[in-house]
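One structure below.
The values are calculated or read from the model by the stated rules, or taken from the named source; none is laboratory data. Here the structure is a predicted model, which is why all the values come from computation and not from measurement. With ideal geometry, Cβ positions are generated from the backbone for all residues, glycine too; neighbour counts draw on all protein chains shown. Accessible surface is based on the protein model in full, side chains and every heavy atom, while ligands, DNA and RNA are left aside. Shrake-Rupley method; radii C 1.70, N 1.55, O 1.52, S 1.80 Å.
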Amino acid sequence: MRETSLDLSHFVMPLFACPGEGVVRPLQGLPGIAQRSLDELEREVEQCAALGVSAVLLFGIPEEKDEEGTGAYDDDGIVQRALHSLRARFPELLLLTDVCLCEYTSHGHCGLVRNGEVANDESLELIARTAVSHARAGADAVCPSAMMDGQVGAIREALDDGLESTPVVAYAAKYASAFYGPFREAAGATPAFGDRRGYQMDPANVREALRECELDAAEGADVLMVKPALPYLDVIRAVREHFDLPVAAYNVSGEYAMIKAGAAGGWLDEREAALESLLAIRRAGADIVVSYWTKELAQWL
Ligand code: PBG
């Protein structure tokens, strides 16, 4: 009678790569998740793969940040190096990458800043360069999350010069959400001034989410992602009903942290609450779920 299932093949595990050797830096707000240097990352991925995890999403913490987010599109950047080492060791594993500038810019915004404003159009070229650099280094799919208008088209066009079979998983409806708090600590990507409401979406809007998805689909997106997941199940459902592209949902850091904290206090059964959350996201219509529980889910299943 069960209509929805939790199968590992639907889940993607986010991982954070950082410089150094032998580094495992646990994250306060994301219990069980850590920043890892490449040697440790390989070990973690090995465990994930052995448990049956089929896909990971890589984020990078660069050695240095600058105004232009150079570390994002450096062919020798942290994510690119992680891709080279993981690609060789895990040929079967799907390697996805987050394509954004915010982890690499000194101001922490997702695009270039000019005169105190995020410069949408000028950022597109750098975002496209980042995606191409990831694909060349071995990424199976690139996931633009900067919410710059036109980013999917810019990436698609850039990839079509020799990397045309690399799909674009578009963070199409990404809201300006309070639920990214723990992630910003994890990625060191809190905006130094202002907020992201100039480019991320207003939590009050669902029709706008469909317009965002329409634009990304027209620009060549292969997957449409909604983010966060739990407070936006209606948006996931709406996207599912309006589009026939695969739909992804990102069960973000704050959603994970809340349940971890509730469980640590003894008020929630973590496993039950996590499984219920993930099931609800799938039931709402997500084909693909990015979740920090993916590795644990593999153990639970
Ligand atoms: C980068 C990015 C963010 C997340 C994924 N990619 C942060 C943000 O937009 O502030 C959030 C992920 C999470 O909270 O788990 N732009």
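At-a-glance table
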| read-out | value |
| --- | --- |
| List Met147, Met1, Met258, ordered by accessible area with a 1.4 Å probe, largest first | Met1, Met258, Met147 |
| Selected from Pro19, Pro231, Pro91 as most flexible by GNM, with the chain as the system and alpha-carbon contacts under 10 Å | Pro91 |
| Gain in span if fully extended, Arg2 to Glu164, counting 0.36 nm per residue against the direct Cα distance | 54.4 nm |
| Kirkwood-Stokes translational diffusion coefficient of region 188-301, alpha-carbon pairs, 10 °C, 1.306 mPa s, µm²/s | 103 µm²/s |
| Radius 14 Å from Cβ of Ala229, net charge of other residues (Lys, Arg +1; Asp, Glu -1) | +2 |
| Eligible lysines near Lys227 by straight Cα distance, threshold 19 Å, same-chain separation 8 or greater | Lys174 |
| Difference of contour (0.36 nm per residue) and Cα-Cα distance, Asp75 to Asp39 | 11.1 nm |
| Cα→Cβ-extended label distance, 7 Å offset, between Glu21 and Arg207, nm | 5.9 nm |
| Nonlocal amide H pairs with His109, under 5 Å, H built at 1.01 Å | Ala192 |
| Lys, Arg +1 and Asp, Glu -1 on Cβ, resulting dipole of the chain about Cα centre, debye, nearest 20 | 840 debye |
| Region 149-213 - Rg and Dmax from Cα coordinates, angstrom | 14.7, 40 |
| Gain in span if fully extended, Glu117 to Ala50, counting 0.36 nm per residue against the direct Cα distance | 19.6 nm |
| Fraction in percent of alpha-carbon pairs per bin - 5 Å, region 1-117 | 2, 11, 19, 20, 19, 12, 8, 4, 3, 1, 0, 0 |
| Percent of Cα pairs exceeding the 17 Å cut-off, where the set is region 75-208 | 60 percent |
| Most mobile listed residue (Leu126, Leu83, Leu215) in the chain, GNM with C-alpha springs under 10 Å | Leu215 |
| Computed over region 250-300, Kirkwood Rh from alpha-carbon pairs, angstrom | 11.2 Å |
| Mean separation of Cα contacts under 8 Å (6+ apart) over length of region 8-300, as relative contact order % | 19 percent |
| In Hz, Karplus ³J(HN,Hα) per residue of region 152-160 (6.51, -1.76, 1.60; θ = phi - 60°; x = Gly, Pro) | 5, x, 5, 5, 4, 5, 5, 6, 5 |
| Alpha-carbon gyration tensor eigenvalues x 5, square-rooted, for the chain, Å | 26, 23, 20 |
